[in-house]
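Engineer: Below are the structure tokens for one structure; questions will follow.
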Amino acid sequence: MSDTVSRTNQPRFRANRVASRYQVRQALVFIAALAAISMGLSQLRASAAESSVVAVVNADPISRDALGDAVLQRYGTDVLDNLVNQHLIMQECKKNGINISAEDVRTEVLRVAKKFGLSLESYLQLLQEERDITPDQYSREIIWPMLALRALVSDQVEVTQEEFNRAFLSQFGEAIKCRMIMVSDPTQANQLQSQAQVDPGSFVRLAKEFSEDETSASVGGLIPPIRRYMGDSNLEEAAFALKDGEVSPVLQIGDQWIFLQAVRRMPASHPSPQALPAIKEQIADRIRDEKMKVAAGELFEKLQKESKVVKVLGNPEASQQHPGVAAIINGQQISIAAVADKCIKRHGEEVLEGEINRKLLAQALKSSGKTVTQADIDQEITRAAISYGYIRSDGKADTDAWMQTIVSQGKSTEKIYVQDAVWPSVALKKLVEDSVQLSQDDMQKGFASAFGPRAEVLAIVLSDQRTAQKVWEMARDNASEDFFGQLAEQYSIEPTSSSNFGKVPPIRQFGGQPAIEKEAFAMKPGELSGIIATGDKYIVLRCQGFTEPIVSDFEAVREELERDLIEKKTNLAMGVKFDELKQRAEIDNFFSASKAAPRVATRSGGR
């Protein structure tokens, strides 16, 4: 009977198996489709920087052309200058049959990295983090031109025996350890020199009291040992002419007047025979590098003078004659598109961030029904001019002088300054102006903070609670102010309190350090605070007293105080508002997503 049932149910079992296979296939198809979609999105992101859209902000795209225009406005001139220089060098290399390969570039980068004791990866990472130079930019725009110029002048550079001997003596030769006094007034220099000559033992005191070179004055005039062929021959001759303790005549070095006192003569050092070959190679390389730099500089200056360069970018008249062209170098054209592309590679991420932020602000203004007018822009420029002290004799803002200062720094034009600094600031102020209110409590706290009494204290700042407990117990057991100062000098990790025996600037109320302020204003003169934990620091205070209030009449400063507090609250609100906009926004930054991993250029530089 069971066999019958089994045979009877077989078709149903087959049907179930077929259905199961069909479902599995459908699931696999669905998974494959999802994978394809995911891969497609990844490929889209990877190629977006080369496409027409580089970012989308709340469904509003930013095109690559718009980004190109933005970076050209900000960096086009600098990047074009660099491209022109590269083309000049490339043309000269072609003329002389010189080719700098990718391997040459890589070898030089490795050599420089080893010179600093770093691996290639660590050195490239350091360049990117510390100097914001990408590996590709470093290899193409720094190493390649340097190698090309060196190759062009290599037959002009030779290290002579005399040059080697001088360099060796400057590094290992006899030296004179000296003290120095430097002043800017020749009359004072002669007076001080006379005093030092009469009483050589007073040199240390005179250096501390009168020398204008703060570094050496702090150690009684001591300077690094002077060797021959290090720099100024007059200084070296004066030093080597002295016996121990003798004082030199007054010498003029640049616009300063100096005189020396010999401390002791240091004999020449002699490297070991094993180290000598490597030292000789290092010295020869250094001399050769220095001479090549000079020769390469002279050659480059010559190329610039003798070449015919027409810069079209930024010249409206030339742009009409040569549409789409940024520059012409000896008949060879550089297109605006090439400059824009180079600008985007070098500065695109930074500028795109600004364009995204500007679009966010524009969208927020539109949704709130607000606009930024020219009057708003002018008012903000006036405010900035006043805040930086650009005020005319009639008390009004000198906006012309302020804008001239902005432009003269060479990093911005008036248009870019307005776009990047003024407009965003005004836009944020517009977005928060309705929410900024001053209460009477704000006014009272602001008055107390700005004009009220200050707590005068001695402070010891410590990095761990155990040491803080130890120092607090010692300060409690010996309640004198002098002893507290000695503890501060010995234990405080904060430079001001350590060097001034605990003395720090007076503490004001409502200054942003509530724990410290509460303790400081609760003490009486001579009292010791508890251990105040703030952040990762532990602080012990000793009260010296309280200052008298600067202003007692609240109404006399109400207008000034109100203006200051509104500005501070507005600035805080602006920061909070912008963070909110960023957090709520849907932003796709395809440009950042598509950036390649750091690498050294694999093609020959300049092409």
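The values are calculated or read from the model by the stated rules, or taken from the named source; none is laboratory data. Just so you know, these numbers come straight off a predicted model, no measurement behind them. Because the Cβ atoms are built from the backbone with ideal geometry, glycine has one as well, and the counts that use them run over all protein chains shown. When the accessible area is computed, the model is the full protein with side chains, heavy atoms only, and any ligands, DNA or RNA have been set aside. Shrake-Rupley method; radii C 1.70, N 1.55, O 1.52, S 1.80 Å.
Engineer: Express in nm, to one decimal, how much length is gained between T371 and M474 on full extension, taking 0.36 nm for each residue of separation and deducting their alpha carbon distance.
Structural biologist: Working: separation 103, 0.36 × 103 = 37.08 nm, distance 6.31 nm.
Full-extension gain reported as 30.8 nm.
Engineer: Which of K293/K342; K429/K569; K445/K568 have a Cα-Cα distance over 20 Å? Walk me through the numbers before you get to the answer.
Structural biologist: Values: K293/K342 26 Å; K429/K569 11 Å; K445/K568 13 Å.
In this structure, K293/K342 lie more than 20 Å apart at Cα.
Engineer: Of T405, T371, which has the most accessible area with a 1.4 Å probe, and how do the rest follow in descending order? All intermediate terms of the calculation are to be shown ahead of the outcome.
Structural biologist: Details: T405 35, T371 95 Å².
So, going from the largest accessible area down, we get T371, T405.
Engineer: To the nearest 10 Å², what's W257's accessible area with a 1.4 Å probe?
Structural biologist: Approximately 60 Å² of W257 is accessible to the 1.4 Å probe.
Engineer: Pull up all non-local amide H partners of K503: gap of 5 or more, or a different chain, and H-to-H distance under 5 Å with H placed in the peptide plane.
Structural biologist: Counting only residues 5 or more places away or on other chains, the set is A459.
Engineer: In segment 477-584, what percent of the accessible surface is made up of carbon and sulfur (1.4 Å probe, ligands and nucleic acids excluded)?
Structural biologist: Working: 3420 of 6780 Å².
Percent of accessible area from carbon and sulfur atoms in segment 477-584: 50.
Engineer: Could you name the lysines in cross-link range of K291, using Cα to Cα under 25 Å and dropping any fewer than eight places away on the same chain?
Structural biologist: Once the sequence-local lysines are set aside, what remains near K291 is K94, K95, K114, K115, K280, K302, K305.
Engineer: With a 1.4 Å probe and all protein chains left in place, how much of the accessible area of segment 289-390 comes from carbon and sulfur atoms, in whole percent? Spell out each step's value before the answer.
Structural biologist: Values: 3000 of 5880 Å².
Solvent-exposed carbon and sulfur of segment 289-390 make up 51 percent of the total.
Engineer: Q191 versus A362, label points 7 Å from Cα toward the beta carbon: distance in nm?
Structural biologist: Label at Q191, label at A362, 6.6 nm between them.
Engineer: Full extension from E481 to D285: what is 0.36 nm times the residue separation minus their Cα-Cα distance, to one decimal in nm? Before the final figure, lay out each step's value.
Structural biologist: On the way: separation 196, 0.36 × 196 = 70.56 nm, distance 5.97 nm.
Gain in length upon complete extension: 64.6 nm.
Engineer: Leaving ligands and nucleic acids out of the surface, order D536, D553, D155 by accessible area at 1.4 Å, largest first.
Structural biologist: Values: D536 105, D553 80, D155 130 Å².
Output order, biggest surface exposure first: D155, D536, D553.
Engineer: Further, regarding this structure: Check V263: other-chain or 5+ apart residues with amide H under 5 Å from its amide H, H built from backbone geometry?
Structural biologist: Correct list: K177, C178, R179, G245.
Engineer: So what J values fall out for segment 334-347 if you push phi through Karplus, 6.51 cos²θ - 1.76 cosθ + 1.60 with θ = phi - 60°, rounded to Hz, Gly and Pro as x?
Structural biologist: Listing the rounded values in order: 10, 7, 4, 4, 5, 5, 4, 4, 5, 4, 5, 4, 8, 10 Hz.
Engineer: If you don't mind, there's one more thing I want to ask. Can you give the accessible area of I493 in Å² (nearest 10), computed on protein heavy atoms with a 1.4 Å probe?
Structural biologist: 90 Å²
Engineer: What FRET efficiency comes out for Q583 versus Q252 if R0 is 56 angstrom and r is the Cβ-Cβ distance? Round to the nearest 0.05. The partial results should precede the final answer.
Structural biologist: Numbers: r = 62 Å, r/R0 = 1.11.
Once rounded, the FRET efficiency stands at 0.35.
Engineer: Oh, and also: Estimate the FRET efficiency between D553 and K445 by the formula 1/(1 + (r/R0)^6), using the beta-carbon distance for r and 22 Å for R0, to the nearest 0.05. Could you put the intermediate results ahead of the total?
Structural biologist: Values: r = 17 Å, r/R0 = 0.79.
Computed FRET efficiency for D553 and K445: 0.80.
Engineer: Continuing with this model, one more query. Say R0 is 22 Å: what FRET efficiency, to the nearest 0.05, do A318 and D65 get from their beta-carbon distance?
Structural biologist: Efficiency for this residue pair is about 0.50.
Engineer: Let me ask another. Top to bottom by accessible area (1.4 Å), largest first, where do K293, K396 land?
Structural biologist: Numbers: K293 145, K396 125 Å².
So, going from the largest accessible area down, we get K293, K396.
Engineer: Sticking with this one: Rounded to the nearest whole Å², what accessible area per residue is found for segment 353-419 with the 1.4 Å probe? Walk me through the numbers before you get to the answer.
Structural biologist: Values: 4120 Å² over 67 residues.
It amounts to 62 Å² per residue over segment 353-419.
Engineer: What is the distance in Å between the Cα centroid of segment 193-269 and that of segment 99-171?
Structural biologist: Each part's Cα centre sits 37 Å from the other's.
Engineer: Further question: State the extension gain, in nm to one decimal, for the chain segment bounded by A401 and F164, taking 0.36 nm per residue of separation less the distance between their alpha-carbons. Before the final figure, lay out each step's value.
Structural biologist: Numbers: separation 237, 0.36 × 237 = 85.32 nm, distance 5.30 nm.
Stretched fully, the A401-F164 segment lengthens by 80.0 nm.
Engineer: Quick one: accessible area per residue over segment 228-289, 1.4 Å probe, rounded to a whole number of Å²?
Structural biologist: Heavy-atom accessible area per residue stands at 61 Å².
Engineer: Also: Using θ = phi - 60° and the Karplus form 6.51 cos²θ - 1.76 cosθ + 1.60, what ³J(HN,Hα) does each residue of segment 390-399 get, whole Hz, x for Gly and Pro?
Structural biologist: Residue by residue, segment 390-399 yields 8, 10, 6, 4, 8, x, 8, 5, 9, 5 Hz.
Engineer: Okay, which of segment 243-272 sit inside 16 Å, backbone N to the point 7 Å along the Cα-Cβ direction of R228?
Structural biologist: Of the residues in segment 243-272, 265-270 have backbone N under 16 Å from the label point off R228.
Engineer: Take the Cα coordinates of segment 400-494, assign each an equal point scatterer, and use the Debye formula without solvent to give log10 I(q)/I(0) at q = 0.14, 0.16, 0.18 Å⁻¹.
Structural biologist: These q points yield log10 I(q)/I(0) values of -0.78, -0.80, -0.87.
Engineer: Still on this model: Round to a whole number: what % of the accessible area of segment 153-214 belongs to carbon and sulfur, probe 1.4 Å? Walk me through the numbers on the way to the answer.
Structural biologist: Working: 1550 of 3510 Å².
The C+S portion of the solvent-accessible surface of segment 153-214 is 44 percent.
Engineer: May I pose another question? How large is ³J(HN,Hα), in whole Hz, for each residue of segment 444-453 in order, when computed from phi with the Karplus curve 6.51 cos²θ - 1.76 cosθ + 1.60 and θ = phi - 60°, using x for Gly and Pro?
Structural biologist: Couplings: 5, 5, x, 5, 5, 5, 7, 10, x, x Hz.
Engineer: Something else now. Would you calculate the separation in nanometres between label points at E298 and R563, each defined as 7 Å from the Cα along the Cα-to-beta-carbon direction?
Structural biologist: Placing both labels 7 Å along Cα→Cβ, they lie 6.1 nm apart.
Engineer: List every residue whose amide H lies under 5 Å from the amide H of V312, counting only residues 5 or more places away in sequence or on a different chain, with H placed 1.01 Å from N in the peptide plane.
Structural biologist: A327, I328
Engineer: In segment 438-479, which residues have a backbone nitrogen under 19 Å from the label point lying 7 Å from K503's Cα in the Cα-to-Cβ direction?
Structural biologist: Answer for this model: 454-461.
Engineer: Normalise the Debye intensity by I(0) for segment 513-591, one equal point scatterer per Cα, no solvent, then take log10 at q = 0.25 Å⁻¹ and round to two decimals.
Structural biologist: -1.06
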